Amino acid sequence: MSGTGLLTERCNPYGTEGDGNVQLAGGLYPASMMGNKIWYCGSRAAGVYRMTCTGGEYGFRRANDSGPVPAFHCAGGHQGQPMPLCDAHAEEFSARMYQAAKVLARPWHDGEGHEQWWNPRDRVGGPRANEMCPACLTGRGTPWHERIRDRMETADALQAELSRYQVMPVALLSRIAELERQLNAVRGDLDELHERGIIHKCPLKLVEVS
């Protein structure tokens, strides 16, 4: 961006303007998954911003006394692509910063009876743009990145195939059972990485760059 380009450039909070290089959820999903309705903002940009990962302590491991202790430190610093934003969207993306999760003093039990050491509101990133760093969710920059992406893509493929079989007029029970077994194994692998903090959802901070 040069000269007075910013004065005439439109706000681009959804990544749909410009060269067509759309990044859904910060690159977590391919552009082929973009829906038919494209949202845009008609306001003029007031500045250029980046989402920056704030880092933190995530996950837990069990000490000899079975108590949880922090297991994974994220240094943060991941940066998203530059975004020209209007004042309204800059304020929206800066509002209600997501707080890093804290280990509970005592676990609660979910619907399946499993111990959970996180407050559910802390543990899962919300729908707002500043509540999840895509790089941290996929372990980017760590030795586990390829494994995490492979497990996520495998889980998506298995779930899609399972859905197709479940709506067939004649259910193939043996195939459905096998797909469910494979899917549970993949999810178990991802759950382990999440428990260890390798997969985590760092909050993002909106930083003005120009």
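The values are calculated or read from the model by the stated rules, or taken from the named source; none is laboratory data. This structure is a prediction, so every number in the text was calculated from the model and none was measured. Virtual Cβ from ideal backbone geometry, glycine too; neighbours counted across all protein chains shown.
A few remarks follow.
- Within the stretch 21-64, restricting attention to residues that are of a type in the set (V, I, T) and under 19 Å from the mean Cα position of the chain (by Cα), the residue that is modelled with the lowest pLDDT is V22.
- Number of residues in the stretch 136-158 that are farther than 13 Å from H194 by Cβ and either small (G, A, S) or outside any helix (DSSP H, G or I) (or both) equals 5.
- So L158, is it more than 15 Å from the chain's Cα centre (by Cα), modelled with pLDDT of 80 or more, surrounded by 12 or more Cβ atoms within 10 Å (Cβ to Cβ) and not acidic (D, E): yes
- For the stretch 119-135, the criterion of being modelled with pLDDT of 85 or more and touching a Cys at 6+ places or on another chain (Cβ under 8 Å) is met by at least one residue.
- Where a residue in the stretch 184-208 is closer than 30 Å to P84 by Cβ and modelled with pLDDT of 90 or more and its partner, wherever it lies, is among the small types (G, A, S) and part of a helix (DSSP H, G or I), with Cβ under 8 Å and at least six apart: E208/A90
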